[in-house]
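> Once you've had a glance at the structure underneath, I'll fire off some questions.
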Amino acid sequence: MTNSPTTYVLVHGAWHDGQSWNRVASLLTSRGHRVFTPSLTGHGDKAHLLTPEVGLTTHVNDVTGLVLEHDLDDIVLVGHSYAGMVISGVANRIPARIARLVYLDAMVPTHGETAIDVMPRTQSMINGVADSAQPWRIPPLPELPAPLGLFGVTDPGDIAWLRATLSDASALCFQQPVEMDNPEQALIPRTHVLCTGDEPEDVTRRPVPKLQPNGEPSRIHTLDTGHDAMITKPVEVCALLLDS
């Protein structure tokens with residue numbers, strides 16, 4: 001486990017906000033580490049800023065701006081779910097400030113891909129609101145019968161809390177391609193954490209490449225839990241981040 005203080009920037013996925021990391025952040029800070037859990041534009045305390053123009057680039061700007069504003073360096077940048085797209089874009093912008101990328105049950109794109117390319121199911125969510133008054137607003141996925149729950153969260157109290165934090169996403173977030181053409185971003189070590197709990201039948205996850213972009217074997221861990229592991233297994237997620 002890491003002994004010296006580390007700076008972690010934890011980026012939430014689509015529909016969520018920075019609060020989703022509360023349990024993990026608390027565990028990391030209690031061990032003396034510095035933690036940032038920003039809410040991306042259109043979510044959390046920035047939910048009122050959601051417009052059709054909010055996209056992946058907006059969110060890459062959010063996180064890049066946070067890092068530069070606080071002059072953060074040697075950071076562990078963690079992305080959950082859709083935020084795998086975000087942290088990949090941030091790594092392209094400011095690779096020298098990032099010590100490691102961690103993809104927590106996250107999308108793993110290549111240069112020029114969209115979230116739809118990585119997970120085609122996303123297009124069906126956009127199609128589902130095409131005839132609505134605001135076809136650019138994509139509502140959160142619904143709660144499903146146990147053992148699937150709400151994003152893999154099944155505890156009733158946790159479901160109620162999580163539901164209250166969720167907000168709509170902009171379709172452009174899923175349609176905008178990620179930029180990963182900076183050769184320096186390929187040198188950043190990567191860790192992948194895969195959640196292996198129950199998930200909907202129509203969710204197809206792209207396998208993690210056997211080799212990282214820097215040529216090293218991919219570092220892959222698994223957690224037997226649902227998608228929102230930072231809520232359901234915070235102790236285990238924290239341990240993996242400390243060992244990343």
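The values are calculated or read from the model by the stated rules, or taken from the named source; none is laboratory data. As the structure is a computational prediction, the values presented were derived from the model and not from experiment. Every residue, glycine as well, gets a Cβ built from its backbone with ideal geometry; the counts of neighbours run over all protein chains shown. Only protein heavy atoms, including side chains, enter the accessible area calculation; ligands, DNA and RNA are left aside. Shrake-Rupley method; radii C 1.70, N 1.55, O 1.52, S 1.80 Å.
> Can you report the number of residues in segment 138-167 which are surrounded by fewer than 18 Cβ atoms within 10 Å (Cβ to Cβ) and in contact with a strand residue (DSSP E or B) (Cβ under 7 Å, 6 or more places away or on another chain)?
The qualifying residues number 3.
> From the list Ser81, Ser26, Ser88, which one is among the polar types (S, T, N, Q), within 14 Å of the chain's Cα centre (by Cα) and within 23 Å of Gly226 (Cβ to Cβ)?
None of the others qualify; the one that does is Ser81.
> Please pick out the residue among Leu187, Leu194 that is of a type in the set (A, V, I, L, M, F, W, C), under 20 Å from Ala14 (Cβ atoms) and open to solvent by 40 Å² or more (accessible area, probe 1.4 Å).
Answer to the check: Leu194.
> In segment 39-75, how many are charged (D, E, K, R) and buried (at least 20 other Cβ atoms within 10 Å of the Cβ)?
Total satisfying the criteria: 1.
> Could you list, in sequence order, all residues of segment 1-32 that are touching a residue at least 40 places away in the same chain (Cβ under 8 Å) and assigned to a loop (DSSP other than H, G, I, E, B)?
Met1, Thr2, Thr6, His12, Gly13, Ala14, Trp15, His16, Asp17, Arg31
> Kindly check whether there is at least one residue in segment 176-188 that is in a loop (DSSP other than H, G, I, E, B) and out of contact with any Gly (no Cβ under 9 Å at 6 or more places or on another chain).
Taking every residue of segment 176-188 in turn, at least one turns out to be in a loop (DSSP other than H, G, I, E, B) and out of contact with any Gly (no Cβ under 9 Å at 6 or more places or on another chain).
Yes/no per residue for (1) closer than 22 Å to Arg219 by Cβ; (2) in contact with a His (Cβ under 8 Å, 6 or more places away or on another chain):
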site: Val9; (1), (2): yes, no
site: Asp17; (1), (2): no, yes
site: Gly65; (1), (2): no, no
site: Glu69; (1), (2): no, no
site: Leu77; (1), (2): yes, no
site: Ser88; (1), (2): yes, no
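> A further question on this structure: Looking at segment 229-243, can you tell me whether even one residue there is within 21 Å of Pro109 (Cα to Cα), among the charged types (D, E, K, R) and touching a helix residue (DSSP H, G or I) at 6+ places or on another chain (Cβ under 9 Å)?
no
> Looking at segment 89-122, which of its residues are in a helix (DSSP H, G or I), among the aliphatic types (A, V, I, L, M) and open to solvent by less than 10 Å² (accessible area, probe 1.4 Å)?
Correct list: Val90, Ala91, Ala115.
Matching residues to (1) in contact with a strand residue (DSSP E or B) (Cβ under 7 Å, 6 or more places away or on another chain); (2) farther than 16 Å from Val11 by Cβ:
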{"position": "Ala25", "(1), (2)": "yes, no"}
{"position": "Arg31", "(1), (2)": "no, yes"}
{"position": "Gly42", "(1), (2)": "yes, no"}
{"position": "Val63", "(1), (2)": "yes, no"}
{"position": "His70", "(1), (2)": "no, no"}
{"position": "Asp74", "(1), (2)": "yes, yes"}
{"position": "Gly89", "(1), (2)": "no, no"}
{"position": "Ala99", "(1), (2)": "yes, no"}
{"position": "Thr110", "(1), (2)": "no, yes"}
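> Any residue that is open to solvent by less than 10 Å² (accessible area, probe 1.4 Å), aliphatic (A, V, I, L, M) and in contact with a Ser or Thr (Cβ under 7 Å, 6 or more places away or on another chain) - is there at least one of those in segment 25-38?
Scanning segment 25-38 turns up no residue that is open to solvent by less than 10 Å² (accessible area, probe 1.4 Å), aliphatic (A, V, I, L, M) and in contact with a Ser or Thr (Cβ under 7 Å, 6 or more places away or on another chain).
> I've got another one for you. Is it the case that some residue within segment 125-146 is basic (Lys, Arg), at negative phi and touching a helix residue (DSSP H, G or I) at 6+ places or on another chain (Cβ under 9 Å)?
Yes, that holds for at least one residue.
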